[in-house]
Amino acid sequence: QVQLVESGGGLVQAGGSLRLSCVGFGRTFSSPAMGWFRQAPGEEREFVAHISWSGGGTRYADSVKGRFTISRDNAKNTMYLQMNSLKPEDTAVYYCAAAQTVAGLMAPGTYDYWGRGTQVTVSS
């Protein structure tokens, strides 16, 4: 069974930090790429960051560049998103996802497997 489970969300003040984790079960961690997306109420799901299987290739949305860091530990089947200097506009449900391709990784439709999400709320 293929499953992704996120954790680490919570309530934090603006300027604070959180680290999200995504644990994969089944074949997900053999995927060529994985990513983080987020969705605020009434908004579409938007790309945050993606990472290659080796961890050597990463890409970030402009809105989080310099503040968020994506990483993965394949030995632990875990992907991370370190979020620093959080802003109220970062408030959303954060989802991890796994893709069987290395193209089009900024689009949600590219991904084959999704977690259920973890809520991040940043207060001003």
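The values are calculated or read from the model by the stated rules, or taken from the named source; none is laboratory data. The model shown is predicted, which means the values in this text are computed figures rather than measured ones. Ideal geometry is used to build each Cβ from the backbone, glycine not excepted, and the neighbour counts take in all protein chains shown. Surface areas here come from the heavy atoms of the whole protein model, side chains and all, with no ligands, DNA or RNA. Shrake-Rupley method; radii C 1.70, N 1.55, O 1.52, S 1.80 Å.
Taking the three principal axes of the alpha carbon atoms in the range 52-116, the coordinate ranges are 32, 26, 22 Å, sorted in descending order. Surface analysis of the chain yields an accessible area of 50 Å² per residue, using protein heavy atoms and a 1.4 Å probe. Overall, the accessible surface of the chain at a probe of 1.4 angstrom is composed of carbon and sulfur to the extent of 48 percent.
Candidates 107, 54, 86 compared by Cα position along the dipole of the range 19-124: farthest toward the positive end lies 54, with charges placed on Cβ. What percent antiparallel are the DSSP beta bridges of the chain, to the nearest 5? The answer is about 90 percent antiparallel. With K and R counted +1 and D and E -1, the other residues having a Cβ less than 14 Å from that of residue 20 yield a net charge of +2.
Of the GluC sites (Glu not before Pro) in the range 21-95, the ones in a loop by DSSP (not H, G, I, E or B) with at most 14 other beta carbons within 10 Å are 43, 44. With a 1.4 Å probe rolled over the protein heavy atoms of all chains, the accessible area of 73, 112, 90 falls in the order 112, 73, 90, largest first. If you look at the Cα atoms of the range 1-71, you get an Rg and a Dmax of 13.2, 38 Å. Here the range 1-29 is scanned for amide nitrogen atoms under 11 Å from the site 7 Å beyond the Cα of residue 121 along Cα-to-Cβ, giving 10-12. Computed with the Debye formula from one identical point scatterer per Cα of the chain, without solvent, the log10 of I(q)/I(0) at q = 0.15 Å⁻¹ comes to -0.60.
Loop sites by DSSP among the trypsin sites (Lys or Arg not before Pro) of the chain, restricted to those with at most 12 other Cβ atoms within 10 angstrom, leave 1-64 as the longest stretch without any of them.
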